[in-house]
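Encoded as structure tokens, the structure appears first; notes follow it.
Read-outs throughout are calculated quantities, based only on the coordinates presented, and are distinct from any laboratory measurement. No experiment lies behind these values; they were computed from the predicted model shown. Methodologically, a virtual Cβ is constructed for each residue, glycine included, from the backbone with ideal geometry; neighbour enumeration extends over all protein chains shown.
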Amino acid sequence: MIAVYSGDSYLARRAALAEAKRLGLEAVFTPPVAERVAQQLAGGLFAVAGCVVDLREADESNWKALKPLLEQPPAEVPLLLLDPKPSAGRSRWYKSRAEVHASPTPRYAGLAQWINAELKARDTRLSAAGVRYLAELDAGLEALSKELDKLELLTPPIGLETLKAVVALRPPANIFALVDRLTEHRYREALLALQLLLAEGGEPLRILATITSRYTLLARAWALQHDNPRLGDKEAASLLGVHPYPAKKALALAASLREDQIEQALAVLMRAEKRAKTGGHPLRTLERLLFELSEI
């Protein structure tokens, strides 16, 4: 029996080890060395035959040496292959000779669902706002899993501020976070988000253009929601031409704004773009823009 675990590296690794444990195998990885794999498949007096082969660092010479073993594995001996990102050749080989268990990395709403499932498995409770905060950290699943382990030690209920104090991961610098703070009149936090964007190499004019595009998206989302209050995320995504997650974010933000606020924001943005493109200092223009938007 050959089973392949691919997709997200963390999920694939966890699934392969869980299956090894279920089958009574030693839950450790065997390097992609033909002699070592052959020894594990043969078993022994005190060892169950079978193994989990780690192909994450395997090159073509490793694969070529392993193929004879894989093409004629001992009957009924489990052979688990951890191969998150198989080459095109290995993928073709797996289709006809192995059970492939793909675990794609969850994104957007799927990531929030994964976090909720992990919390449930740990018998830990967290508010919807807390789950959203974790989902927006833009961290790998393994890093998120370690942060979730910490929450098991806390006494519920776990508030958002407590969560932020405990979690070691830093929220990413992104325009949505910046716009969130502006619409909530949190100028100082918006300025901090801008500083993070600049520190990561963001150019003032490009940041200004992206803020404008986000507010334009907000305006379109507001208009769609005004015409159809029951508009769903997927339909909105199709109409707006974006992924369901940013569409959901845009709808949520738009619902908190009035029409006159949208109009004022767009007018402020037009003036800022004109200043920045006609000799004004881009960074000062951007900082002034943040203040004006946070006051709307």
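Hey, what number do you get for the chain at 222 nm if only DSSP H runs of n ≥ 4 count, each worth -39500 (n - 2.57), divided across all residues, to the nearest 500?
-19000 deg cm²/dmol
For Phe29, list long-range residues whose amide hydrogen, built 1.01 Å from N in the peptide plane, is under 5 Å from its own amide hydrogen.
When sequence neighbours closer than 5 places are left aside, there are no close amide H contacts.
Across every pair of different alpha-carbon atoms, what Kirkwood hydrodynamic radius in Å does the chain reach?
Computed over Cα pairs of the chain, the Kirkwood hydrodynamic radius comes out at 22.9 Å.
For the stretch 4-12, take each phi angle, set θ = phi - 60°, evaluate the Karplus expression 6.51 cos²θ - 1.76 cosθ + 1.60, and give the result in whole Hz per residue in order, putting x for glycine and proline.
10, 10, 10, x, 4, 4, 5, 5, 5
Mind telling me which of Thr155, Thr124, Thr285 comes out most flexible in a GNM of the chain, alpha-carbon contacts under 10 Å?
Fluctuation is largest for Thr155.
Summing +1 for each Lys or Arg and -1 for each Asp or Glu, what net charge is found among the other residues whose Cβ lies under 12 Å from the Cβ of Leu290?
Net of charged neighbours comes to +1.
Mind ordering 208-216, 22-30, 57-65 by average Cβ neighbours within 10 Å, highest first?
Descending mean neighbour count gives 208-216, 22-30, 57-65.
Convert each backbone phi in the stretch 221-228 into a coupling constant with the Karplus relation 6.51 cos²θ - 1.76 cosθ + 1.60 (shift: θ = phi - 60°), then list the ³J(HN,Hα) values in order as whole Hz, x for Gly and Pro.
Values per residue, Gly and Pro as x: 5, 4, 5, 5, 5, 5, 6, 9 Hz.
Whole-Hz ³J(HN,Hα) for each residue in the stretch 123-136, computed from phi via Karplus 6.51 cos²θ - 1.76 cosθ + 1.60 with θ = phi - 60°, x for glycine and proline: what do you get?
Once rounded to whole Hz, the list reads 6, 10, 10, 8, 5, 4, 5, x, 5, 4, 4, 5, 5, 8.
Dipole of the chain, Cα-centred, from +1 at each Lys and Arg C-beta and -1 at each Asp and Glu C-beta, to the nearest 20 debye?
420 debye
Could you work out the relative contact order of the stretch 145-267? I mean the mean sequence separation of Cα pairs under 8 Å and 6+ apart, divided by the number of residues, in percent.
Relative contact order here is 20 percent.
Could you name the lysines in cross-link range of Lys146, using Cα to Cα under 24 Å and dropping any fewer than eight places away on the same chain?
Excluding near neighbours in sequence, the set is Lys21, Lys85, Lys120, Lys164.
If amide H atoms are built 1.01 Å from N in the plane of the peptide, which residues on other chains or at least 5 residues away come under 5 Å of the amide H of Val4?
Leu81, Glu99, Val100, His101
Using all alpha carbons of the stretch 89-189, what is the percent of pairwise distances in each 10 Å bin, ordered from the shortest bin to the longest?
13, 39, 25, 14, 7, 2
Radius of gyration and Dmax for the stretch 2-103's Cα atoms, expressed in Å?
Values for the stretch 2-103 (Cα only, Rg and Dmax): 12.4, 38 Å.
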